[in-house]
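Data first, discussion second: the structure below is written as structure tokens.
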Amino acid sequence: MIDWDLWHTLLAVFRHGTYLGAARALQVDPTTIGRKIKMLERQLGYKLFVRQNDRLFPTTQCEDLLPKIEAAAEALRGLGDEAASGDLGTIWREVRITAPPFLVLHLLAPRLKDIIQNLKINAELIGTSDKRLLSRREVDIALRIEDDPNDDMAATTLVRAIPLGEISYAVYCASDADPDLLPWAGVPEGTRRTTGSDAQGKLAGHDGIRYRATRFEELCQLVACGAAKAMLPRLAAEKTSGLTAVGETVLQQPLWLLYHSQDEDTGYLVTLRERIARMAEAALQK
């Protein structure tokens, strides 16, 4: 019989994609991880991982094993309420979630406790719109604002996308200011995919953008102090005191949840994605 500790190590390497990541999760040395994987490979009689671009990917034979090992880990987790040693067979998984910074601040962070409840997850939120982290399997879930989630993706066949709704934008100014007397503020052109800078430019017209800030949080504060008006996502602007909307919604952009195809049936990630999707859909409907 193969020791559960070896299966435990296999799951950690699969989840983190490197010996170093697995070692950090299990609090051991990376050489120990490598030794255990080689021991498991000898007992099974075949290779478990192949290396590609400094990442470890499961072989076909390893992929066939993973659902059974995950099921065993889930069963052991269920013993946690019955025995003090119930967590001995369970990995506290490291899950990394990326999203544009304003979505991390106003959408994910306030609800993270409920999202990961009872999933035995150590979650890391990363404020970025860089999709390459997902294609390289450096993150597990990504929220992105764009029309086509496959556009510019390095390996589209490896990524799945779920539509969550639309991010609404409106023009805002300080509550005590006259918008007709204010110049325009906006974000740099280089962040077009998450900001709708085309719409921003049309609104500003010949006057142009006088002030710029790289993130919506700073832009909200700049507008709140009465220096300018700007097109802002309602999700961020409505959480900033001293702002008032000037008119109705001027732009809507699709929000997507992206994940790696190899995680399609990974139980705890399925649950996590479903919770994030429900949370986002409810928040965007308000």
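The values are calculated or read from the model by the stated rules, or taken from the named source; none is laboratory data. Keep in mind the model is a prediction, meaning the values are calculated, not measured. FYI the Cβ positions are ideal-geometry reconstructions off the backbone, even for glycines, and counts take in every protein chain you see.
Table for the structure above
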{"quantity": "Among residues of the range 13-31, those that are free of Cβ contacts under 8 Å to residues at least 24 places away in the same chain and either touching a Ser or Thr at 6+ places or on another chain (Cβ under 6 Å) or surrounded by fewer than 20 Cβ atoms within 10 Å (Cβ to Cβ) (or both), counted", "calculated": "6"}
{"quantity": "Qualifying residue in the range 219-232 (condition: touching a helix residue (DSSP H, G or I) at 6+ places or on another chain (Cβ under 7 Å), in the same structural domain as Asp114 (by TED's automatic domain parsing) and surrounded by fewer than 17 Cβ atoms within 10 Å (Cβ to Cβ))", "calculated": "no"}
{"quantity": "Of all residues making up the range 42-65, the number that are touching a residue at least 12 places away in the same chain (Cβ under 8 Å) and not in a helix (DSSP H, G or I)", "calculated": "11"}
{"quantity": "Scan of the range 170-185 for residues that are small (Gly, Ala, Ser) and closer than 17 Å to Lys202 by Cα, ordered by number", "calculated": "Ala170, Ala185"}
{"quantity": "Looking only at the range 259-286, and only at residues there that are among the charged types (D, E, K, R) and surrounded by 15 or more Cβ atoms within 10 Å (Cβ to Cβ), the one that is modelled with the lowest pLDDT", "calculated": "Asp263"}
{"quantity": "Residue match in the range 32-48 (condition: modelled with pLDDT under 85 and either closer than 20 Å to Glu138 by Cα or surrounded by fewer than 16 Cβ atoms within 10 Å (Cβ to Cβ) (or both))", "calculated": "no"}
{"quantity": "Every pair of residues 6+ apart whose Cβ atoms lie under 8 Å, when the first sits in the range 268-286 and is farther than 11 Å from Arg111 by Cα and among the polar types (S, T, N, Q) while the second is at pLDDT 90 or above and surrounded by 13 or more Cβ atoms within 10 Å (Cβ to Cβ)", "calculated": "Gln285/Gly165"}
{"quantity": "Near pairs, Cβ below 6 angstrom, 6+ apart or cross-chain, from the range 119-135 (under 19 Å from Asp263 (Cα atoms) and at pLDDT below 85) to any residue that is among the small types (Gly, Ala, Ser) and crowded, with 17+ Cβ neighbours inside 10 Å", "calculated": "Leu134/Ala142"}
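Conditions (1) touching a Phe, Trp or Tyr at 6+ places or on another chain (Cβ under 6 Å); (2) hydrophobic (A, V, I, L, M, F, W, C); (3) under 28 Å from Ile141 (Cα atoms); (4) modelled with pLDDT under 95, marked per residue:
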site	(1), (2), (3), (4)
Ala154	no, yes, yes, yes
Tyr172	no, no, no, no
Val187	no, yes, yes, yes
Gly205	no, no, no, yes
Phe216	yes, yes, yes, yes
Val223	yes, yes, no, no
